[in-house]
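Single-structure report; data block below.
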Amino acid sequence: MAFHLRHARWRDSYTLWVWHNEPSTLTQFASTSPVPWREHVDWLTEHVANPDTQLYIAEDHYQPVGMIRFDTSDGWETASVSYTVARESRGREYGRLLLTEGVRELLKRVYQPHLCATVKLDNAASHACFAAAGWRRDSVAAAGLVSWHLSLKGSYEQNPS
Ligand SMILES: CC(C)(COP(=O)(O)OP(=O)(O)OC[C@H]1O[C@@H](n2cnc3c(N)ncnc32)[C@H](O)[C@@H]1OP(=O)(O)O)[C@@H](O)C(=O)NCCC(=O)NCCS
């Protein structure tokens, strides 16, 4: 099967851990310290079963190439987005695809949340992905961070399952 998303499962634990702790990825997160394995397992235990999180793995021909996660704290009125492409798979448009297909998957489950993301100012690849995926860059930039948002009204088809 070509590029597609599926829900993250337990067997993705190690892959997600390696992706998160990869140095060029860590530098783009708020906390830049590597996450210990035990802490990662506890985090995944909580998030895989949490209705306030949607965590997807992207595969291309059954090879995992990236992840995208949506989190809400207000019943999916709003949600934040975090995503990563495996280092060896970067530069092949998976970042943009993760954003567009991730939103499509999310909309099968929740009704048009307002989506937002915070990106470090120097993360040129991520800014390019959000722009290419049709997100809007907010004018407010604080402490080396830029926020992006996506208004979903009419942009993607609602497809409840
Ligand atoms: C950001 C990230 C997801 C991009 O993934 P990717 O698959 O390499 O991105 P794509 O191949 O879809 O590239 C999308 C755009 O970024 C541009 N781009 C890719 N790498 C770039 C780089 N290092 N510098 C500048 N632009 C870059 C591409 O040219 C493309 O732009 P275009 O559409 O104008 O041609 C990936 O670099 C990553 O996982 N980084 C570490 C984690 C991270 O930063 N996550 C996002 C936190 S907000």
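Please treat every number below as a calculation from the coordinates, not as lab data. Only a predicted model underlies this, so the values are computations on that prediction, with no experimental measurement involved. Neighbour counts run over all protein chains shown; Cβ positions are idealised from the backbone, glycine included.
Quick notes on this one:
- Remark: C-alpha extents of segment 51-161 on the principal axes read 39, 35, 24 Å, sorted largest to smallest.
- Helical mean residue ellipticity (222 nm; -39500 (n - 2.57) per DSSP H run of 4+; nearest 500) of the chain: -8500 deg cm²/dmol
- Burial ordering of Val35, Val65, fewest other beta-carbon atoms within 10 Å first: Val35, Val65
- Pair Glu77, Arg9: separation of 7 Å Cα→Cβ label points (nm): 3.6
- Student exercise, the chain dipole from Lys, Arg, Asp, Glu Cβ charges, in Debye to nearest 20: 300
- Selected from Thr53, Val81, Trp135, residue furthest toward positive end of dipole (the chain; charges at beta carbon): Trp135
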